[in-house]
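Coordinate-derived values only; no laboratory data. This is a predicted model, so every value here is computed, not measured. Here the Cβ is made from the backbone with ideal geometry for all residues, glycine too, and neighbour counts use every protein chain on show.
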């Protein structure tokens, strides 16, 4: 037991260290981590794959999906809700049926087992797709569609997988029964997620202890997932709904005090979980391949190109049908917009950006070992090996999304004008509030010191002037501003050094030092983010 924990700890440190190395250079972490995990899985000194797949699914997938959803915008997703729902539900079910039907016919695999493979690989991965979308420099609307799809389709795919597994384990599930199970899972998942989101938002808004409140949010995904699953709902869908609710509440209240701290906590947790998720996929690959015999390897050689082609073709055809329906609707309403001219090109990007990742890997890993009769789950290792190889291939294909977008002329949004206007509007609001406060202080006979007031007003007016269209800030002024912030940072660093010297040389209580050091860290971070 101790040796296993030591092996996981060492492997985890290696994976995180490599992730830091790759991120600092602007590289993706998915493929390198899978590769490193596979190497460690081959080595005799490396840890084995985790023995309990369901625990891994809950411990990693539940908080990972919650963290990804917490970083998404409900308002942005609502603007593209129609294509998101179509892709997250319609495409997942279509892909499950297409892949399952094709596999059952070509390789004579039981229909329920083939459907399980289709359900595992139908959802795109939120981690992989989010990384692709942001690196490819594509329009914000497409990013919202791809991220929204990858968040919601996890619940759809895992619910479809549950139905398929029940059919395999019990030996019989009717089409009507499968539809009923799916409907209940979706409805219960949404309901549990909404209730959990309301409760967490209420607690966070009224809590005076940010550490305790944010700790509750860290633990909540596990309870939400287990509760939804206990009452036959989709745990993943419940987590997504709860996270979107909390995120929307946090960013709708200007006085939400725990927003910065909560965002920081989840940024670190999501990074760690992403690292371990990709690493575990790689770690499992050698273990699965070692268990396969020659006949199973030949079967996998047939399944991989067959399933990959079916995934690409079904997504392309479904997206093409969506675009056709959209164009027909616009023609009928005579409301064709300028954006429709690029609809065909954008649809190519959406159709091609269908990367799979840890969600599919962990879902495959969670397949039960035996059926209700005690027999081994049929083709389990074949499904795992096929899933892992397709994850790697889809991630390799995803590297072409950026070049494809560039070749098609699909570029990201030019936000410079919008940001400039926004800066001016915010500066005017600040100036109005400052003037109102100064007038009120004058009426009360307790005016602000003129030098302080003039400095504040001068800073805000400078922001307004710099945001005016066509106005260029002189190079000397830019240089002076940069030097000013460099000097301010150096002054804060001097305070930090003196604080630590007083603690080490004069015995200043460490509790007081830590509190003051945290304040200085906040000031230094603010100076580093200034433009």
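Summary of computed values
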| item | result |
| --- | --- |
| Residues in the range 294-328 that a label on residue 105 would reach, taking backbone N under 19 Å of a point 7 Å out along Cα→Cβ | 302-318 |
| Once the Cα gyration tensor of the range 164-323 is diagonalised, semi-axes √(5λ) in Å | 38, 22, 18 |
| Radius ratio Rg over Rh of the range 342-450, counting only Cα atoms, Kirkwood formula for Rh | 1.44 |
| Label-point separation in nm, residue 23 to residue 35, each point 7 Å along Cα→Cβ | 2.0 nm |
| For 278, 271, order by how many other beta-carbon atoms lie within 10 Å, fewest first | 271, 278 |
| Order of 293, 519 under a 10 Å beta carbon neighbour criterion, fewest first | 293, 519 |
| Cα-based Kirkwood hydrodynamic radius, the range 56-150, one decimal, Å | 14.7 Å |
| Residue 513/residue 135 FRET efficiency (R0 45 Å; Cβ-Cβ; nearest 0.05) | 0.65 |
| Three-way shape label, the range 89-218, alpha-carbon gyration tensor, a/c 1.5 | oblate |
| Label-point gap, in nm, between residue 521 and residue 430 - each point 7 angstrom along Cα→Cβ | 2.5 nm |
| Residue 316-residue 231 FRET efficiency (beta carbon distance; Förster radius 51 Å; 0.05 resolution) | 0.85 |
| Ranked packing of 12-24, 303-315, most packed first, by mean Cβ within 10 Å | 303-315, 12-24 |
| Extended-chain gain in nm, criterion 0.36 nm per residue less alpha-carbon gap, residue 212 and residue 397 | 62.3 nm |
| Cα-projected label distance for residue 370 with residue 325, points at 7 Å along beta-carbon direction, nm | 4.5 nm |
